[in-house]
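Reading through the structure tokens given below for one structure.
The values are calculated or read from the model by the stated rules, or taken from the named source; none is laboratory data. Source: prediction; values computed, not measured. Neighbour counts run over all protein chains shown; Cβ positions are idealised from the backbone, glycine included. Just the protein is used for accessible areas: all its heavy atoms, side chains included, with ligands, DNA and RNA removed. Shrake-Rupley method; radii C 1.70, N 1.55, O 1.52, S 1.80 Å.
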Amino acid sequence: MKIILVADAHAGSPESDFEDFFKALSAIPEDSTPVIFLGDIFDICFAVKNCEMEFHRRFFDWCRKEKARRYVGFVEGNR
């Protein structure tokens, strides 16, 4: 079984290439290949009041959409 692991991505801004990476992950055939994010996904935290940015919301929207096709999991880091 194949598993896609994304470790310490540290995505930091809407200008980053990380959104292109999401598109590339979505283009992988719908074969139920799990995607698991390990460690720090973002450069800044998103669980602190007034710290969440639009980019964070788009990431979680992407995760919800992908979960209809495949397992999307997280092993959290410190951000």
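With respect to (1) open to solvent by 70 Å² or more (accessible area, probe 1.4 Å); (2) in contact with a Pro (Cβ under 9 Å, 6 or more places away or on another chain); (3) at pLDDT 80 or above, the lone exception for K65 is condition (2).
Being within 15 Å of G77 (Cα to Cα), surrounded by 14 or more Cβ atoms within 10 Å (Cβ to Cβ) and modelled with pLDDT of 85 or more is the filter here, so list the residues in region 6-39 that pass it. Listed by number, the residues that qualify are V6, I36, F37, L38, G39.
Taking region 22-37 as the range and being under 12 Å from K67 (Cα atoms), out of contact with any Asp or Glu (no Cβ under 9 Å at 6 or more places or on another chain) and outside any loop (DSSP other than H, G, I, E, B) as the test, only I36 passes.
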